[in-house]
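Engineer: Sharing a structure here in structure tokens format.
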Amino acid sequence: MTVTIGVLAVQGDVREHVAALTDLGAHVITVRRPHEVEAIDALVIPGGESTVMDKLVRAFDLQEPLRKRLADGMPAYGSCAGMIMLADRIADARADQETLGGIDMTVRRNAFGRQVDSFETELDYAGFDGSVHAVFIRAPWVEEVGEGVEVLARVRHGAAAGRIVAVRQGNLMATSFHPEVGEDRRIHAEFVRIVEQSR
Ligand SMILES: NC(=O)CC[C@H](N)C(=O)O
């Protein structure tokens, strides 16, 4: 049966994720209201600005229902700001920033620094043939992961070489970069597979 995937639509690049998932044959709805959280099999959290996303998630009364679904095992995938929203911990977090959490990791926001605000690079990605072309925009990296977290990709070159930029813990997946921009659908396809297997 077709899975229904919700894209959190309070802020960020919602449209690109909707398009990528629709391409893959998923039924996609946008999630802005608490009752919509009940209608989905899985959640995608887009890139954007995590401080704003967090504020809006709380203002729209979405934090509690989303945390509950995640705690019950609902699959979720977050890119960039979405990765931050799925992190249990933020390094040097602003006192008022909260996350939904779920992945036992510490992320560092805007980690690549001002000199390289945005960049593109090729990555090896666990389980994929050939590299992934990854677009980073004021991206976080993963500073530290707990035992249950599988590292899927690290930066290959430059000052940030070795930094973790894609992870999975159970049904939760996160990337520092933006696979929703561009034509490569392998990462979204991987997530759809996780969702199908979780049912
Ligand atoms: N492209 C992005 O999603 C950027 C993330 C943003 N820097 C944040 O901290 O939320």
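The values are calculated or read from the model by the stated rules, or taken from the named source; none is laboratory data. Note that the structure is a prediction, hence the values are computed from the model and not measured. Counting neighbours? That spans all protein chains shown, and the Cβs are built from the backbone with ideal geometry, glycine included. The accessibility values were calculated without ligands, DNA or RNA, using every heavy atom of the protein model including side chains. Shrake-Rupley method; radii C 1.70, N 1.55, O 1.52, S 1.80 Å.
Engineer: Is segment 1-143 best put as rounded, prolate or oblate by its Cα gyration tensor, with a ≥ b ≥ c the root eigenvalues, rounded for a/c under 1.5, and otherwise prolate when a/b is larger than b/c, oblate when not?
Structural biologist: oblate
Engineer: Mind giving me the nanometre distance, one decimal, between the label points for Q197 and D124, set 7 Å out from Cα along Cα→Cβ?
Structural biologist: With each label point 7 Å from Cα toward Cβ, the separation is 2.1 nm.
Engineer: Next question. When the chain is treated as a GNM, springs tying every alpha-carbon pair under 10 Å, which of D13, D117, D96 comes out with the largest mean-square fluctuation?
Structural biologist: Top of the fluctuation ranking is D96.
Engineer: Same structure again: Under a 1.4 Å probe, what is the accessible area of segment 64-131 per residue, stated in Å²?
Structural biologist: On a per-residue basis, segment 64-131 sits at 49 Å².
Engineer: How large is the helix-only mean residue ellipticity at 222 nm for the chain, computed as the sum of -39500 (n - 2.57) over DSSP H runs with n ≥ 4, divided by its residue count, in deg cm²/dmol to the nearest 500?
Structural biologist: The helix-only estimate for the chain comes to -7500 deg cm²/dmol at 222 nm.
Engineer: Just report the Cα centroid separation between segment 145-162 and segment 13-43, whole Å.
Structural biologist: So the two Cα centres are separated by 28 Å.
Engineer: Keeping the other protein chains in place, figure out the carbon and sulfur percent of the accessible area of segment 4-198, with a 1.4 Å probe.
Structural biologist: Answer for segment 4-198 is 46 percent, counting heavy atoms of protein chains only.
Engineer: Which residue fluctuates the most in the chain, going by a Gaussian network model with Cα springs under 10 Å, if the choices are V132, V44, V18?
Structural biologist: V132
Engineer: Just want to confirm a number: the relative contact order over the chain, from Cα pairs under 8 angstrom separated by 6+ residues, in percent.
Structural biologist: Reported relative contact order: 19 percent.
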